[in-house]
Amino acid sequence: MTHPPLDDRRVRYLYEAVMTGSVRAAADKMDLNPSVVSRQIAQLEVELASTLLERHGRGVRATESGQALVDYYRQHASNQDDVLAKLQEIRGLSRGHVDMVLGEGFVSDLMAEPLQDFWRRYPALTVTMNLAGTNEVLRLVAEDIAHIGLVYNPPETPGIRSRAAVRQPICAIVARGHPIATADRQPLLKHLCEYPVALMHGSYGTRQIVQLAEQMEKVRLAPKLITNSISVIKHFVRSDFGVSLLPAFSVSQEIEAGQLVAVPIDQPLLAKVEARIVTRLGRQLSPAANELLLQLMSTMRAFRRP
């Protein structure tokens, strides 16, 4: 019978639980929820078809199988010579790679000043950039597939840490000269019902918060276009087919070019939405990922406070 590869993160949870004497103490040490640690150890037991911990009144202790894994982890962690040499090289940021996942609305903002400055300072570092909806961004960060996530209107999620959170209201996105752009006052949500509307799919944070605002205002937008692409929405609005609802930073280049206008909507829920940079709670970022995180926090429009 072939076992799946060992998940070193789960083995580490087991190791810390045995070393500290309890799941709760291990969770406190790693800045995690105890239920997360307990669940991951239980999953490891299922995968290996072995009982790894014995519970007793004062905490936990390793079974024979569990002790074998603890010894493995200790040996693995102590074999540092080659690793330290490589880390020294990485600390100088002469090499390194960062995996990112983000909503499409962040792309224009990210590809302008932030990445230009980052690669000017660290030309040897590489980046993987994948696009995803809100729920998928959180999943990929929680599962350590991505170091950093950029997400709009995320739900509170166990195991996810917000590194930056800045209010970025949802606005009416219209073509220059549109009646909404030239009106004397901010539009109400019901005013947008008078125009064809393009909206994102329901897995995206923008659509989720718009749906809540519709329920609050007892109005219903009837989208003429539903898409998973902000680029498609930009074309829709630029072509004067109708209007959309997005944060201003997602169309910042078009606003600067005079093609589109972002008009704040007079609706309290839409005014309170946040853009966030997230990482997994307890994850120690690599030097390259940490430098990119600092760059994003300091130079992206989405994370500049008004």
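The values are calculated or read from the model by the stated rules, or taken from the named source; none is laboratory data. Note that this is a predicted model, so its numbers are computed, not measured. Please note: Cβ atoms are built from the backbone with ideal geometry, for glycine as well, and neighbour counts cover all protein chains shown.
Against the numbered list (1) outside the structural domain of residue 247 (by TED's automatic domain parsing); (2) touching a Gly at 6+ places or on another chain (Cβ under 6 Å), residue 128 comes up short only at (2).
Residues in segment 11-63 that are free of Cβ contacts under 8 Å to residues at least 60 places away in the same chain, of a type in the set (S, T, N, Q) and outside any helix (DSSP H, G or I): how many? Result for segment 11-63: 4.
Consider residue 206 carefully, then state whether it is under 16 Å from the mean Cα position of the chain (by Cα) and in the same structural domain as residue 136 (by TED's automatic domain parsing). Criteria not met by residue 206.
Based on this model, can you work out whether residue 263 counts as more than 30 Å from residue 118 (Cα to Cα), over 21 Å from the mean Cα position of the chain (by Cα), aliphatic (A, V, I, L, M) and surrounded by 14 or more Cβ atoms within 10 Å (Cβ to Cβ)? In short, yes. Please identify the pairs in which a residue from segment 158-172 that is hydroxyl-bearing (Ser, Thr, Tyr) has its Cβ atom under 7 Å from the Cβ atom of a residue that is at pLDDT 95 or above, counting only partners at least 6 apart or on another chain. Note: pairs meeting the criteria are 162/276; 162/278.
Annotation: residue 282 fulfils all but one of (1) crowded, with 21+ Cβ neighbours inside 10 Å; (2) outside any helix (DSSP H, G or I); the unmet one is (1).
Looking across segment 120-160 at every residue that is more than 9 Å from the chain's Cα centre (by Cα) and in a strand (DSSP E or B), the one that is modelled with the lowest pLDDT is identified as 126.
So that you can scan it fast, the table gives a plain yes or no per residue for (1) modelled with pLDDT of 90 or more; (2) in the same structural domain as residue 157 (by TED's automatic domain parsing); (3) of a type in the set (Asp, Glu); (4) in contact with an Asp or Glu (Cβ under 6 Å, 6 or more places away or on another chain):
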residue: 62; (1), (2), (3), (4): yes, no, no, no
residue: 73; (1), (2), (3), (4): no, no, no, no
residue: 100; (1), (2), (3), (4): yes, yes, no, no
residue: 110; (1), (2), (3), (4): yes, yes, no, no
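What do you reckon, is residue 245 surrounded by 14 or more Cβ atoms within 10 Å (Cβ to Cβ), in contact with a helix residue (DSSP H, G or I) (Cβ under 7 Å, 6 or more places away or on another chain) and free of Cβ contacts under 8 Å to residues at least 60 places away in the same chain? Taking the combined requirement at face value, the residue does not satisfy it.
The set of residues from segment 248-273 being more than 20 Å from residue 220 (Cα to Cα) and in contact with a Cys (Cβ under 7 Å, 6 or more places away or on another chain) comprises 248, 262. Among the residues of segment 214-257, those identified as more than 20 Å from residue 187 (Cα to Cα) and either assigned to a strand (DSSP E or B) or of a type in the set (Asp, Glu) (or both) are 225, 226, 227, 254, 256. On the stretch given as segment 105-119, residues that are small (Gly, Ala, Ser), surrounded by fewer than 22 Cβ atoms within 10 Å (Cβ to Cβ) and assigned to a helix (DSSP H, G or I) total 1. The criterion of being crowded, with 16+ Cβ neighbours inside 10 Å, under 18 Å from the mean Cα position of the chain (by Cα) and on the phi < 0 side of the Ramachandran plot does not hold for residue 227.
The residue of segment 163-195 that is surrounded by the fewest Cβ atoms within 10 Å (Cβ to Cβ), among those that are outside any helix (DSSP H, G or I) and touching a Pro at 6+ places or on another chain (Cβ under 8 Å), is 167. Scanning segment 133-158 for residues that are surrounded by fewer than 17 Cβ atoms within 10 Å (Cβ to Cβ) and on the phi > 0 side of the Ramachandran plot turns up just one, 144.
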